[in-house]
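Input: a single structure, listed below in structure tokens.
The values are calculated or read from the model by the stated rules, or taken from the named source; none is laboratory data. Since we're looking at a predicted model, the values are computed, not measured. Heads up, the Cβs are rebuilt from the backbone with ideal geometry, glycines too, and the neighbour counts pull from every protein chain shown. For the accessible areas, the whole protein counts, side chains as well, though only heavy atoms, and no ligand, DNA or RNA atoms are used. Shrake-Rupley method; radii C 1.70, N 1.55, O 1.52, S 1.80 Å.
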Amino acid sequence: MTILAIETSCDDTCAAVLAENNEVLSSIVSSQVELHGIYGGVVPELASRRHCENIRWVVEQALNEAAITLEDIEAVCVTRGPGLVGSLLVGVAYAKSLAYARKIPLLGVNHVEGHLLSPLLSNPELDFPFIGLVVSGGHTSLYLARDWHDYELLGRTIDDAAGEAFDKVARMLDLGFPGGPVIEKRAQNGDPEAIKLPRAWLAKDSLDFSFSGLKTAVRTALAKSEGVPAVNAEVSAKSVSVSFISDLAASFQEAVTAVLLRKTLAAAARFKVKNVAFAGGVSCNGYLRRRMSDAAYAQDLNFFLAPPQFCTDNAAMIALVGRHRLAAGFSDDLTLNPSSRLPL
Ligand code: KG4
Ligand code: ZN
């Protein structure tokens with residue numbers, strides 16, 4: 001079955017075509033970074049308007065790149081949630097129209113399930129059960145994936161998502177948006193041990209995460225270096241030395257990495273699972289990828305990653321999950337609606 005998938009949960013307009021054998025024939029992502037960058041974060045109303053403008057040509061480009069036409073599509077899958085409701089609505093409405101016009105099956109897919117299983121796109125040998133960490137701008141959740149559609153949530157962030165912390169810290173350091181890639185770049189010239197920052201382990205044996213204290217600690221370190229009170233809302237990185245910013249970026253990245261690593265390894269040990277996978281935008285981070293690869297090797301675990309284009313939001317992961325759900329007998333009708341807080 002050749003599947004067309006659409007993903008518009010946040011600020012990227014995405015469409016992909018997946019062939020019968022799960023080969024990704026095309027995966028188009030139209031980024032809105034330049035639109036939201038000036039605000040330092042995603043503006044929901046602007047995102048949904050831009051999706052409206054983009055969706056048609058993004059789908060057309062996905063079909064063109066896959067060298068097929070709409071007539072060749074046998075099912076349409078679309079992200080149903082969680083996400084920004086105005087953004088989700090554009091993709092869901094478009095997918096419903098296509099399914100209705102072509103009289104083919106329609107299926108709403110959970111965005112987080114897409115991320116969780118995205119490493120399978122490039123690692124078909126990844127077997128269940130596995131410990132999966134979904135670490136993105138909206139989510140930091142650790143799962144035990146027992147099988148397709150059989151997941152146990154082991155822990156999640158109790159405040160900011162890791163990617164959100166990257167974005168907020170980058171804004172504090174005047175580095176731009178999105179924060180992850182710019183912090184990673186600056187951190188290359190910094191010393192990860194230079195500035196002492198907290199790691200929130202939470203209760204003994206907890207697999208939950210917390211990053212808001214770390215964010216506050218970065219603000220305090222920045223304020224101290226400028227000689228202004230930490231509560232000063234005007235604290236900004238403008239007058240701070242370049243090397244201090246690099247050290248702060250590296251120390252922050254190390255603090256996030258240390259927590260993600262230790263909790264993932266603890267989950268693998270607790271559930272005696274040999275396979276571990278990272279997914280979501282933050283898993284693009286080269287430092288995190290290297291550190292986890294080394295740790296997995298040292299502990300005799302198999303570590304799986306998606307290539308960067310499948311870590312960040314994309315529609316190929318939605319098509320992959322959609323195929324399995326359709327095969328399991330699920331489908332939706334035209335009453336399908338987005339759900340901004342859809343649980344997994
Ligand atoms: O998965 P994604 O594209 O969208 C969500 O579902 O949230 O993730 C976006 C997040 C942003 O917070 C961004 O700063 C972060 O992923 N990110 C990174 C890197 N690239 C993207 N974080 C750390 N290092 C990176 N290289
Ligand atoms: Zn996402």
Provide a single number: the residues in region 328-338 that are open to solvent by 60 Å² or more (accessible area, probe 1.4 Å) and either without any contact (Cβ under 8 Å) to a residue 60 or more places away in the chain or acidic (D, E) (or both). 3
Quick one: would you say V78 is assigned to a strand (DSSP E or B) and within 13 Å of T8 (Cβ to Cβ)? yes
Condition test on E20, is it surrounded by fewer than 21 Cβ atoms within 10 Å (Cβ to Cβ), under 30 Å from V276 (Cα atoms) and out of contact with any Cys (no Cβ under 7 Å at 6 or more places or on another chain)? yes
Where the second residue is polar (S, T, N, Q) and in a helix (DSSP H, G or I) and the first is farther than 25 Å from D174 by Cβ and lies in region 38-57, which pairs have Cβ atoms under 7 Å and are six or more apart or on separate chains? S48/S87; H51/S87
Scan region 51-67 and tell me whether some residue there is at pLDDT 95 or above, outside any helix (DSSP H, G or I) and over 26 Å from G163 (Cα atoms). yes
Residue by residue through region 306-326, note down the ones that are more than 23 Å from D160 (Cα to Cα), within 15 Å of ligand 1 (Cβ to nearest atom) and surrounded by fewer than 23 Cβ atoms within 10 Å (Cβ to Cβ). P307, Q309
Residue count for region 61-97, restricted to those that are free of Cβ contacts under 8 Å to residues at least 60 places away in the same chain and open to solvent by 80 Å² or more (accessible area, probe 1.4 Å): 4
Those residues that are among the acidic types (D, E) and within 16 Å of ligand 2 (Cβ to nearest atom), I need them from region 1-27; list them, please. E7, D11, D12
Positions within region 53-74 being hydrophobic (A, V, I, L, M, F, W, C) and under 15 Å from E7 (Cβ atoms), in sequence order: I55, V58, V59, A62
Residue selected from region 25-60 under the condition under 19 Å from the mean Cα position of the chain (by Cα) and of a type in the set (V, I, T), by the criterion surrounded by the most Cβ atoms within 10 Å (Cβ to Cβ): I28
Positions within region 275-302 being loosely packed, with under 15 Cβ neighbours inside 10 Å and either in contact (Cβ under 8 Å) with a residue 60 or more places away in the chain or hydrophobic (A, V, I, L, M, F, W, C) (or both), in sequence order: G286, A298
Which ones in region 173-211 are surrounded by 14 or more Cβ atoms within 10 Å (Cβ to Cβ) and small (G, A, S)? G176, G179, G180, A187, G190, A194, A200, S206, S210
Exactly one of (1) in contact with a His (Cβ under 6 Å, 6 or more places away or on another chain); (2) on the phi > 0 side of the Ramachandran plot is unmet by L202. Its number? (1)
